[in-house]
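Structure, as structure tokens:
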Amino acid sequence: MKKLSIIILSVICLVAGFTACTAGNTLPPPPSIDRTPYDVDTSSELILMLSESGQARLTNDITLDALPLDADSPAETTIDLNGNELTFATEDTMVIPEGKSLKIENGDIITTFSSPDLVQVVFRVGKDSKLEFDGVNYKAASSGILPSDNAEVVINDSVLEIAGAWGISTNAKNPEGYSVSIRIKDSKISETTRTGTAVMLNTPTDLWIENSTITGGRQGVILRGGNGTFINSRIISRGEFDTGVDQYYLNGQWGTGNRVPMAALTVGNTTTGDYEYSTVCTIDDATELVMTDSGEYENGKAFEIYVGSLATDSELTVTLSVPSYIEQYIKGNDSSWCGANITLNEEKLTN
């Protein structure tokens, strides 16, 4: 009996000692199973994580004063916004360095700066580099994305709202953007000014737009060179450009940038000495070209589609494969095309 009492007393003391120990030193809760090794809570953590591992996941809204990429960054960088908002509070163009890849997914991107003429670009994709948005809502108060030579832009399941001169563009000069690939799928791109263009391609570009809506104030899409394919999409111009002077480029050579005829889709080129490339445009039966009713449309200065080529025979051609409604529109409206090198559904157009 005495031995049993000693055992019971020992157990009581052991429990009491353990209780006293833990009471003064509360154990931390176990880590959340939702966290990953790449989760970041602050801007400094985000910058460090990207430099070390090339990937990070936000746990809350974060603001950066620059894009944290440089020549020493990992070859591929992924930022998972995780439903949060990433704000870039900078007045400078953010450059993806040559040969690097940046993917941003699953959340909101906000940029705060704008340029007086709305031309300054927010993201410039360096030579041989890639920018991908997947599941992103992106708002910018200046022009959106400018790829350089051999760059790639992928927009998937995203919404871009651009209050600038253009949403996505290639540039023929300074910096040059040739042999670019642009893929837009399951997305909406809206250029919200009255004078701008949602997708403006001034160099030979491989463009693919699928299950998407592209809207601009002056043009929805300009395809001045390369190959453009449109699948089950809506290309829209709001027809808002009206300067009160003859800047519609329906006669003679087109100008630079988006100084070309106003249309939902403008294809080809009439300028000699610049923008001299061939263009191939393919549109499927499920794609709509929409010019919003406006005074300019009613006055014959705006079009669902406008096609231009050089005025004399040339090896630089414009080739279109389009559904019957677009074919009949072009054939039935001589003012919607010009030039001597346009082939429409395997038939050369002649006046």
(request) Within segment 57-89, track down each residue that is closer than 15 Å to ILE109 by Cα and hydrophobic (A, V, I, L, M, F, W, C). (result) LEU58, ILE62, LEU64, ALA66, LEU67, ILE79, LEU81, LEU86, PHE88, ALA89
(request) Can you tell me which residue within segment 235-291, out of those that are in contact (Cβ under 8 Å) with a residue 24 or more places away in the chain and charged (D, E, K, R), is surrounded by the fewest Cβ atoms within 10 Å (Cβ to Cβ)? (result) ASP285
(message) I need the full set of residues from segment 330-343 which are surrounded by 11 or more Cβ atoms within 10 Å (Cβ to Cβ) and out of contact with any Asp or Glu (no Cβ under 6 Å at 6 or more places or on another chain), in order please.
(response) ILE330, LYS331, ASN333, SER335, SER336, TRP337, CYS338, GLY339, ASN341, ILE342, THR343
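Could you identify the single residue in SER129, SER143 that is touching a Phe, Trp or Tyr at 6+ places or on another chain (Cβ under 7 Å) and hydroxyl-bearing (Ser, Thr, Tyr)? Before you say what the answer is, go through the steps one by one.
Details: SER129 fails: touching a Phe, Trp or Tyr at 6+ places or on another chain (Cβ under 7 Å).
Answer to the selection: SER143.
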(request) Give the residues of segment 107-122 that are modelled with pLDDT of 95 or more and either assigned to a loop (DSSP other than H, G, I, E, B) or buried (at least 18 other Cβ atoms within 10 Å of the Cβ) (or both), sorted by residue number. (result) GLY107, ILE109
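Take LEU64 and decide whether it is in contact with a Phe, Trp or Tyr (Cβ under 9 Å, 6 or more places away or on another chain), surrounded by 14 or more Cβ atoms within 10 Å (Cβ to Cβ), under 19 Å from ILE145 (Cα atoms) and free of Cβ contacts under 8 Å to residues at least 40 places away in the same chain. Steps first, please.
Values: in contact with a Phe, Trp or Tyr (Cβ under 9 Å, 6 or more places away or on another chain): yes; surrounded by 14 or more Cβ atoms within 10 Å (Cβ to Cβ): yes; under 19 Å from ILE145 (Cα atoms): yes; free of Cβ contacts under 8 Å to residues at least 40 places away in the same chain: yes.
Judged against the criteria, LEU64 is a match.
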(message) Condition first: within 19 Å of ALA151 (Cβ to Cβ) and buried (at least 19 other Cβ atoms within 10 Å of the Cβ). Now tell me which residues in segment 78-93 satisfy that.
(response) THR78, ILE79
(request) Read through the list (1) modelled with pLDDT of 95 or more; (2) under 25 Å from SER53 (Cβ atoms), then give the number of the only condition that VAL159 fails. (result) (2)
(request) Tell me which residues, restricted to segment 165-183, are surrounded by fewer than 24 Cβ atoms within 10 Å (Cβ to Cβ), under 22 Å from SER114 (Cα atoms) and in contact (Cβ under 8 Å) with a residue 40 or more places away in the chain. (result) PRO175
(message) Of all residues being touching a strand residue (DSSP E or B) at 6+ places or on another chain (Cβ under 8 Å) and part of a loop (DSSP other than H, G, I, E, B) in segment 79-106, which is nearest to MET49 (Cα to Cα)? Just the residue, please.
(response) LEU81
(message) Filter segment 258-282 down to the residues that are touching a Ser or Thr at 6+ places or on another chain (Cβ under 8 Å) and β-branched (Val, Ile, Thr) and list them by number.
(response) VAL260, VAL267, THR270, THR279, VAL280, THR282
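If the requirement is being part of a strand (DSSP E or B) and either more than 22 Å from GLY144 (Cα to Cα) or among the hydroxyl-bearing types (Ser, Thr, Tyr) (or both), which of these qualifies: THR270, THR256, THR266, THR203? Talk me through it step by step, then tell me what you get.
Values: THR270 fails: part of a strand (DSSP E or B); THR256 fails: part of a strand (DSSP E or B); THR203 fails: part of a strand (DSSP E or B).
Exactly one residue qualifies, and that residue is THR266.
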(message) Filter segment 295-329 down to the residues that are in contact with a helix residue (DSSP H, G or I) (Cβ under 9 Å, 6 or more places away or on another chain), surrounded by fewer than 19 Cβ atoms within 10 Å (Cβ to Cβ) and either free of Cβ contacts under 8 Å to residues at least 24 places away in the same chain or within 22 Å of ARG234 (Cβ to Cβ) (or both) and list them by number.
(response) TYR329
(message) Which numbered condition in (1) of a type outside the set (Gly, Ala, Ser); (2) free of Cβ contacts under 8 Å to residues at least 40 places away in the same chain; (3) farther than 30 Å from THR195 by Cα; (4) surrounded by 18 or more Cβ atoms within 10 Å (Cβ to Cβ) is the only one that GLU45 fails?
(response) (4)
(message) Could you tell me how many of the residues in segment 85-106 are modelled with pLDDT of 90 or more, within 21 Å of ASP61 (Cβ to Cβ) and acidic (Asp, Glu)?
(response) 2
(message) Being free of Cβ contacts under 8 Å to residues at least 40 places away in the same chain and of a type in the set (D, E, K, R) is the filter here; which residues of segment 104-132 pass it?
(response) GLU105, ASP108, LYS127, ASP128, LYS130, GLU132
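Can you pull out the residues in segment 188-206 that are under 12 Å from the mean Cα position of the chain (by Cα) and surrounded by fewer than 24 Cβ atoms within 10 Å (Cβ to Cβ)?
Step one: filter segment 188-206 for residues under 12 Å from the mean Cα position of the chain (by Cα), giving 188-191, 198-200.
The answer is LYS188, SER190.
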(request) May I ask you to say which residue of GLY144, GLY135 is within 25 Å of TYR275 (Cβ to Cβ) and either surrounded by 24 or more Cβ atoms within 10 Å (Cβ to Cβ) or in contact (Cβ under 8 Å) with a residue 12 or more places away in the chain (or both)? (result) GLY144
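Inspect segment 331-350 for any residue being on the phi > 0 side of the Ramachandran plot and of a type in the set (D, E, K, R) and give the result as yes or no. So that I can check it myself, show each step before the final result.
Filtering segment 331-350 for residues on the phi > 0 side of the Ramachandran plot gives 339, 345-346.
Next, only the ones that are of a type in the set (D, E, K, R) stay: 346.
Yes, because at least one residue in segment 331-350 is on the phi > 0 side of the Ramachandran plot and of a type in the set (D, E, K, R).
The values are calculated or read from the model by the stated rules, or taken from the named source; none is laboratory data. Here the structure is a predicted model, which is why all the values come from computation and not from measurement. Cβ sites come from the backbone with ideal geometry, for glycine too, and all protein chains shown count toward neighbours.
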